[in-house]
1. What do you reckon, how do MET6, MET169, MET33 stack up by accessible area (1.4 Å probe), largest on top?
2. For PHE2 paired with ASP127, estimate the spin-label separation in nm (one decimal), with each label point 7 Å from Cα along the Cα-to-Cβ line.
3. So how exposed is ASP144, as accessible area in Å² (1.4 Å probe, rounded to 10)?
4. Average the reciprocal distances over every distinct pair of alpha-carbons in the chain, invert the result, and give the Kirkwood radius in Å.
5. Tell me, what is the percent relative contact order of the chain, built from C-alpha pairs under 8 Å that lie six or more residues apart?
6. Select from the range 30-136 those trypsin sites (Lys or Arg not before Pro) which occupy a DSSP coil region and have at most 11 other Cβ atoms within 10 Å, ordered by residue number.
7. At 1.4 Å probe size, put PHE142, PHE28, PHE166 in order of accessible surface, largest to smallest.
8. Please build a GNM for the chain, connecting alpha carbons under 10 Å apart, and tell me which residue among LEU112, LEU94, LEU168 fluctuates the most.
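The values are calculated or read from the model by the stated rules, or taken from the named source; none is laboratory data. No experiment lies behind these values; they were computed from the predicted model shown. Every residue, glycine as well, gets a Cβ built from its backbone with ideal geometry; the counts of neighbours run over all protein chains shown. Calculation scope for accessible area: heavy atoms of the full protein, side chains included, ligands and nucleic acids excluded. Shrake-Rupley method; radii C 1.70, N 1.55, O 1.52, S 1.80 Å.
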Amino acid sequence: PFLPDMRAIGDFAHEQVSAIAARQPMAFFGHSMGAWVALGAAQRAQQLGDHGPVHLFASAARPPHLGIQRNLLALDPDAFVRDLERLGGVPPELAADRAALELFLPALRADLAIIESFKPPLGALIDAPVTALRAAGDEITFEDAGAWRDTTRGAFDLQTLPGGHFYLMEHPDLACAVIRRALREAPAPA
């Protein structure tokens, strides 16, 4: 069964890494909805006294306290698939194969139902630096990505990379370079 809400997903993600987080510092990375999951896992790790995150990388997302920009679930099924294709989230081969697409859509709709209804107040701040990554061709604006600054007591950096919402598939080397540089420049954990 799908997890029922964003907090449960963040807690689940933390559970998956908790054995490691209890022993050593970790960086968290999340893309799109995954950025919200990464923030939730990082907040949970810090709350439980694990080695808190050494860095949070939030990619292609507005922070949760801003909510999402638009509602895809309200679209009729064909418009829904077209919008997903436009964002680069559904390869054309999958969109053309309706039977295969029908296997994929329930999980995607469950994720969207969660994020479209989730707009919490600003949550617990993390003590780690946050780097927001956005793509120049994405709908996530510079201002939207800049609001990740409000999630941390630590340093904040904002990087704009070429590409669209799924820039990671187009330019994984650029995203990795940003991450490596941020981790290299981070102070040694206590």
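1. Ranked list, largest accessible area first: MET169, MET33, MET6.
2. Modelled inter-label distance: 3.7 nm.
3. 20 Å²
4. 17.3 Å
5. 21 percent
6. ARG70
7. Highest to lowest solvent-accessible surface, that is PHE142, PHE166, PHE28.
8. Judging by the Gaussian network model, the answer is LEU94.
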